1. Could you list all residues from the range 28-87 that are among the β-branched types (Val, Ile, Thr) and over 15 Å from SER9 (Cα atoms)?
2. Testing ASN128 on (1) within 16 Å of the ligand (Cβ to nearest atom); (2) under 28 Å from LEU175 (Cα atoms); (3) exposed (fewer than 13 other Cβ atoms within 10 Å of the Cβ); (4) not charged (D, E, K, R), one condition comes back false. Which one is that?
3. Among (1) at pLDDT 95 or above; (2) more than 27 Å from GLN165 (Cα to Cα); (3) not aliphatic (A, V, I, L, M), there is one condition PHE95 misses while meeting the rest; what is its number?
4. What is the number of the single condition among (1) without any contact (Cβ under 8 Å) to a residue 60 or more places away in the chain; (2) within 20 Å of GLY132 (Cβ to Cβ) that VAL58 does not meet?
5. Under 8 Å between Cβ atoms, which residue pairs at least 6 apart in sequence (or on different chains) link something in the range 161-188 that is under 15 Å from ILE220 (Cβ atoms) with a partner that is among the basic types (Lys, Arg)?
6. For the range 216-233, enumerate the residues that are surrounded by 15 or more Cβ atoms within 10 Å (Cβ to Cβ) and more than 10 Å from the ligand (Cβ to nearest atom).
7. Step by step: first the residues of the range 205-247, then only those that are free of Cβ contacts under 8 Å to residues at least 24 places away in the same chain and part of a helix (DSSP H, G or I), then the one that is nearest to ASP44 (Cα to Cα). Which residue is that?
8. When the residues of the range 235-247 are narrowed to those that are within 10 Å of the ligand (Cβ to nearest atom) and not aliphatic (A, V, I, L, M), which ends up farthest from the chain's Cα centre (by Cα)?
Amino acid sequence: FTHTVPLLSLSNVFTSNELVNWHGRVEKLAGTNTINYYCELKYDGVAVALTYQDGVLVSGATRGDGVQGEDITSNLRTIKSVPLKLVGDSFPSRFDVRGEVIFPKDKFQALNEQRIANGEQPYANPRNTAAGSLRQLDPGVVATRPLDIFIYGVGAYQGEIPDTQEKVLEWLSTLGFKINPNNKLANDMDQVEKYFDKWAGRHQQLNYACDGVVVKVNNIELRDIIGSLGREPCWATAYKFPSQTAV
Ligand code: IVH
């Protein structure tokens, strides 16, 4: 499957200092110092793109290398939170959305308990299990896996879409897509730091794996001015949580 608009990667920052430096570069490239950021969680799952034609899901693919992915339409169709038909009629005739497929932690634990009870080897972690499930050849088997999805953006589209990330996600939610309720608009860097601190302290309590927050310039027009360097947009970065060590 060839993605019409490539799926980009994200640069990383690991400290408050690195985040402030990143913000400085954004201001310089944008030519303004009044930038709002949209903060989202960084899900640790499987990146996918879903294409809709006249409101109907026509294809779904993995990210792959960003340009070429695998066609997994039949498997994605089995996920309950992937709309097969959109609500209403306020959408472009053809467009694609991007998101992350996750395996909820509680369901993962239940699956492993069942496997152990059956004398089978437990799976290593929710992300690999989500990826393995999506690669299954039999959609009937995938349908038994309780996969879920969070949509975080639009890829290729014809016509008009809202002009900020916040409004794009609100609009996608009205069409029936599952959007994470923990997303939040930040008016300055203090608010970005507050969002990061809040989730660094409690992301483990969420029912899905996250490894940081994604900070995105909210204004879509400004993103085009800021641009990209190679495969990484300069208008977004992943602010990673301190990594956990486990035995
Ligand atoms: S936005 C340019 N938002 O991170 C924007 N990506 O390195 C790129 N990811 O595999 C994507 N949570 O699937 C975006 N809230 C989020 C995300 C997110 C997880 C993944 C994405 C991709 C990787 C990008």
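The values are calculated or read from the model by the stated rules, or taken from the named source; none is laboratory data. Because the structure is predicted, anything quoted here is derived from the model rather than measured. Positions of Cβ are backbone-derived with ideal geometry, glycine not excepted, and every protein chain shown enters the neighbour counts.
1. The answer is THR32, THR34, ILE35, THR51, VAL56, VAL58, ILE72, THR73, THR78, ILE79, VAL82, VAL87.
2. Evaluating ASN128 over (1) within 16 Å of the ligand (Cβ to nearest atom); (2) under 28 Å from LEU175 (Cα atoms); (3) exposed (fewer than 13 other Cβ atoms within 10 Å of the Cβ); (4) not charged (D, E, K, R) leaves (2) as the failure.
3. It is condition (2) that PHE95 fails.
4. (2)
5. Between residues of the range 161-188 that are under 15 Å from ILE220 (Cβ atoms) and residues that are among the basic types (Lys, Arg), the close pairs are GLN165/LYS216.
6. VAL217, ASN218, ASN219, ILE220, LEU222, ILE226, listed by residue number.
7. The selected residue is GLN205.
8. Out of the qualifying residues, it is TRP235.
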